[in-house]
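One structure is given below, encoded as structure tokens.
The values are calculated or read from the model by the stated rules, or taken from the named source; none is laboratory data. What you see is a predicted model; the values in this text were computed from it and never measured. We place every Cβ from the backbone using ideal geometry, glycine too, and count neighbours over all the protein chains shown.
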Amino acid sequence: MRIAYDVTPLSHPRTGVGTYILGALAGMVEAAAGEHELVVFGPVSVRGRPLLEETLSGLPVRRRLVTVPFAHATRRAWSAARWPPAERFVGRFDALHFTDWMFPAQRSGARATMIHDLGPLRFPEKLHPRTVRMHTANANAARACDVVFTNSEFTAGDVVETLGIARDRIRVARPGVDASFSPAGERHSTGRPYAFTTATATEWRKNLDTLRVAWRELGEELQLLTVDELGYVPHERLPPLYRGAEVFVYPSRFEGFGIPVVEAMASGVPTVVSSHPSLDEAAGEAAVRADPDDPASLAAAVREAIARRDELVPRGLEHATRFTWLETGRLHLQGYADAL
């Protein structure tokens, strides 16, 4: 197969979506073992092009990238116009996989996309209208796909219920965990014991405000270290932050999967995870669960996780081994093949 794979989100600093895109691409390269050709494509900005090239460095994929002055507008216009077809830039392909940034037209081949979560459709009042419009358009475009990937069974069920896409057109491809996330290696230090969270105050569902209220109940027992205080944290700096923590806390109100949960477990850290069902697959039986909107519940869960460290750490390490990017890539390749 020749697969055209949209990598435009990698032209921006990497978040969970970018981590998944890169991991799935690397997994496909490994699983393909030279039998399939992977072509990455997309219009990107002048500022974002160097970051994208650096991120793709070392991956044996063909590149069909176009640098444009107004990349976001170009991607949306290309999607809306449905012309020219992607073959004009990429050449012939057997499958085209677009992201939630654009959905270009194609002449032939299987059509695929990935839905990470339907948060923007479920909670439109919490997000900027432009963000809601973009995700709504892409969710609607998914209805015409031959195969739709999701990162969890929870999201697969949400796609069936909310978008009406038949379950047999959906493939669940859970994320993997990079080898850099392990108990061995550098540990971050603040000079005192700390809990680490990737929750932010800028995004409602990540729920940092409630966690801060919970911290008042913990008093001075433990410092709370947040990415808001650290600023943007490059992906390679995350493992030391996890390893140095006494506990990792993920109080999200809604997720597609929750990649940081398994990253923390793979790093040998006991975890406290929201009890929302969207996090059931990431947490498994290896985390202490807590009501994300109950500060007292979160505070009690932090104390419990620390007390049960000797039990939770090995359980988390075992759970994290179930998630590999090789398997993610294999499931993508199988999904494309099944759709042809």
- Task: Give segment 111-147 a look and list any residue that's part of a strand (DSSP E or B) and touching a Gly at 6+ places or on another chain (Cβ under 9 Å), or say none.
- Result: A112, I115, V147
- Message: Quick check on segment 317-325. Is at least one of its residues surrounded by fewer than 17 Cβ atoms within 10 Å (Cβ to Cβ) and over 24 Å from H116 (Cβ atoms)?
- Response: yes
- Result of the Cβ filter at 7 Å on segment 270-285, keeping first residues that are farther than 13 Å from V302 by Cβ and in the same structural domain as G256 (by TED's automatic domain parsing) and partners that are of a type in the set (D, E) and surrounded by 23 or more Cβ atoms within 10 Å (Cβ to Cβ), at least 6 apart or interchain, is S278/E255; L279/E255
- Item | Members of segment 77-102 found to be in a loop (DSSP other than H, G, I, E, B) and either without any contact (Cβ under 8 Å) to a residue 12 or more places away in the chain or surrounded by 12 or more Cβ atoms within 10 Å (Cβ to Cβ) (or both), listed by number | P84, P85, A86, G91, F93, D94, T99, D100, W101, M102
- Message: Looking only at segment 279-308, how many residues end up being more than 18 Å from L224 (Cα to Cα) and part of a helix (DSSP H, G or I)?
- Response: 5
- Message: Condition first: more than 24 Å from T155 (Cα to Cα) and either touching a residue at least 12 places away in the same chain (Cβ under 8 Å) or among the acidic types (D, E) (or both). Can you find one or more residues in segment 249-263 that meet it?
- Response: no
- Answer yes if at least one residue in segment 249-257 is out of contact with any Ser or Thr (no Cβ under 6 Å at 6 or more places or on another chain), aliphatic (A, V, I, L, M) and over 20 Å from Y20 (Cα atoms), and no otherwise. no
- Task: Of the numbered conditions (1) outside the structural domain of N151 (by TED's automatic domain parsing); (2) of a type outside the set (F, W, Y); (3) buried (at least 23 other Cβ atoms within 10 Å of the Cβ), H332 fails exactly one; give the number of that condition.
- Result: (1)
- Item | Subset of segment 157-185 [surrounded by 20 or more Cβ atoms within 10 Å (Cβ to Cβ) and either in a helix (DSSP H, G or I) or in contact with a Cys (Cβ under 6 Å, 6 or more places away or on another chain) (or both)] | D158, V159
- Query: Within segment 290-302, can one find any residue that is small (G, A, S), in contact with a helix residue (DSSP H, G or I) (Cβ under 6 Å, 6 or more places away or on another chain) and closer than 21 Å to R171 by Cβ?
  - Reply: no
- Task: Evaluate the following for T210: is it among the β-branched types (V, I, T) and touching a residue at least 40 places away in the same chain (Cβ under 8 Å)?
- Result: yes
- Message: Test of understanding: among R216, R237, which residue is in the same structural domain as P314 (by TED's automatic domain parsing), basic (K, R) and farther than 21 Å from A305 by Cβ?
- Response: R237
- Query: Would a scan of segment 33-45 turn up a residue that is in a helix (DSSP H, G or I) and either buried (at least 20 other Cβ atoms within 10 Å of the Cβ) or among the charged types (D, E, K, R) (or both)?
  - Reply: no
